[in-house]
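Undergrad: Got a structure for you, questions after.
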Amino acid sequence: MSIYLYLFLSAIGFLDAAFLTIQHFTRDPFACPIFGGCDEVTSSIYSQVFGIPIALFGALYYGVIFALTLYCYLKSNRKLFLTISHLSILGLITSIYLVTVMVFVLNSLCFYCLVSATSSTLLFVIFIVNWLTWKRPRSQSESEKS
Amino acid sequence: MEETEITKRERKKLNREQNKSSSPSGSTNKLLVVGAIIAAAAGLFWLMYKGGGGGEAPVPTQASTSPSEVSSNDHAKGPEDAKVTLIEYADFQCPACAAYQPIVKQLSEEFPDDLRVVHRHFPLRSIHKHAQISSQASEAAADQGAFWEMAEILYTRQDDWVNVRDPRSTFKDYASELTLNVEQFDKYMNSDEAKSKVNDSYNAAFVMGLDSTPTFFINGNKIESPRSLDEFREAIAAEISKLAPASPEASSEGEIIPQL
């Protein structure tokens, strides 16, 4: 089940980040639901690292997660899936940092950025749940045997 | 230890066998599932986009995208019927804009009847941390009728606030120096209204294809930023003289017509 959610969330994340990347370059003023802070956030000094938009890194990150998860799914390789889902720690940390910047520094929220933060967080949550349930039966069976 | 090794191997073998048994029809099924997941993700994203009013561009702003027409939302100084309108797209955190501030001020003093100066926000947020909030501060001052006074302070004391982490308290000091109502100033500076005024102006400038500050327009014509006060003065004087003889000529032409 978790592998399906991974595919789904990373696909959402990819679309979202790709959209933000395009917006970063075209700078088309675009519709910004609910909070309305998209322009300020996506054109702020924090929206890029070394001149590369963070959204582009986001798109790459989700793209890689999607591709690797897809590989594991097609090969039915659960173990590799657990290994690659460690990547979600990276996404979580980045998301926490970016949301902190939005809330405390820019004082503006951007809907599409929060969508990405949410999917990163969910990917991490699934990873943790997965990790716990994977560990438990194994250690139980090991302790039973010894 | 050995036992676990064996169980691991066994598990792998089992897995492999399961894979093989499920692979012929399984792989197409899997691809279908993946397709469905991608479609669901794309669908959800599209719904969010459409639901959020995506596609329809946000209200094309109240800010004027015309470099010659001055609207009531603009910050303008000088007579409304001035022969020359100088529109400056500027960012309070931009050092070059600060360098032009005394020049522009001098010009409006030298041509009190013929020059109208207009400021439009173009905060370069991607390179200047406090560009946005300083523009909002100027809006808050404008709310109490002190836009130009605040603009001058922001420019002349740029060095004092550009490296501060949160310059808002500095701006409040400026407001109290200008004997503004500081509480009202603070509230307005952080308001959505101030934000959207600045954003509208930024978007308009962006739509016009501007990419740097300051960008000057004299009567709607973009000019290369003059290097000195003298050059600037000449450009404006030239514009005035271009328009000045126009009226007597027009009247003489008017006299010619009846003769025909």
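The values are calculated or read from the model by the stated rules, or taken from the named source; none is laboratory data. Computed from a predicted model, the values in this text were never measured in an experiment. A quick note on method: Cβ atoms are made from the backbone with ideal geometry, for glycine too, and the neighbour counts reach across all protein chains shown.
Undergrad: Please go through the stretch A:28-77 and give me each residue that is closer than 30 Å to B:LEU32 by Cβ, facing another protein chain (nearest Cβ under 9 Å) and free of Cβ contacts under 8 Å to residues at least 40 places away in the same chain, ordered by number.
TA: Correct list: A:LEU74, A:LYS75, A:SER76, A:ASN77.
Undergrad: In addition: Take the residues in the stretch A:55-94 that are among the hydroxyl-bearing types (Ser, Thr, Tyr) and modelled with pLDDT under 95, then tell me which one is nearest to A:HIS24 (Cα to Cα).
TA: In this case the residue turns out to be A:THR94.
Undergrad: I'd like the full set of residues that are surrounded by fewer than 19 Cβ atoms within 10 Å (Cβ to Cβ) and within 13 Å of A:SER10 (Cα to Cα), limited to the stretch A:114-125.
TA: A:THR118, A:THR121
Undergrad: Spot the failing condition for B:LEU86; the list is (1) surrounded by 15 or more Cβ atoms within 10 Å (Cβ to Cβ); (2) at pLDDT below 60, and only one is missed.
TA: (2)
Per-residue answers, yes or no, for (1) surrounded by 22 or more Cβ atoms within 10 Å (Cβ to Cβ); (2) part of a helix (DSSP H, G or I); (3) within 12 Å of chain A (Cβ to nearest Cβ):
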| site | (1), (2), (3) |
| --- | --- |
| B:LYS197 | yes, yes, no |
| B:PHE206 | no, yes, yes |
| B:LEU210 | no, no, yes |
| B:PHE217 | no, no, no |
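Undergrad: When you look at A:ILE89, is it surrounded by fewer than 20 Cβ atoms within 10 Å (Cβ to Cβ), β-branched (Val, Ile, Thr) and without any contact (Cβ under 8 Å) to a residue 60 or more places away in the chain, yes or no?
TA: It is true that A:ILE89 is surrounded by fewer than 20 Cβ atoms within 10 Å (Cβ to Cβ), β-branched (Val, Ile, Thr) and without any contact (Cβ under 8 Å) to a residue 60 or more places away in the chain.
Undergrad: Identify, from the list A:ALA18, A:ALA67, the residue that is in a helix (DSSP H, G or I), under 30 Å from A:VAL129 (Cα atoms) and in contact with a Gly (Cβ under 9 Å, 6 or more places away or on another chain).
TA: Every option except A:ALA18 fails the conditions.
Undergrad: Regarding B:ASN29, is this residue part of a helix (DSSP H, G or I), modelled with pLDDT under 90 and touching a Lys or Arg at 6+ places or on another chain (Cβ under 9 Å)?
TA: Criteria not met by B:ASN29.
One line per residue, one yes/no per condition, for (1) among the hydroxyl-bearing types (Ser, Thr, Tyr); (2) within 14 Å of another protein chain (Cβ to nearest Cβ); (3) more than 22 Å from B:LYS172 (Cα to Cα); (4) touching a residue at least 60 places away in the same chain (Cβ under 8 Å):
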position	(1), (2), (3), (4)
B:ASN73	no, no, yes, yes
B:GLY78	no, no, yes, no
B:LYS83	no, no, yes, yes
B:CYS94	no, yes, no, yes
B:ALA98	no, no, no, yes
B:GLN101	no, no, no, no
B:LYS129	no, yes, no, no
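Undergrad: Further question on the same structure: So B:LYS187 passes all but one of these: (1) modelled with pLDDT of 90 or more; (2) more than 14 Å from every other protein chain (Cβ to nearest Cβ); (3) under 22 Å from the mean Cα position of the chain (by Cα). Which condition number does it fail?
TA: Of (1) modelled with pLDDT of 90 or more; (2) more than 14 Å from every other protein chain (Cβ to nearest Cβ); (3) under 22 Å from the mean Cα position of the chain (by Cα), only one is false for B:LYS187: (2).
Undergrad: Could you look through the stretch A:92-113, keep only residues that are without any contact (Cβ under 8 Å) to a residue 40 or more places away in the chain and within 24 Å of B:LEU47 (Cα to Cα), and pick out the one that is surrounded by the most Cβ atoms within 10 Å (Cβ to Cβ)?
TA: Out of the qualifying residues, it is A:SER95.
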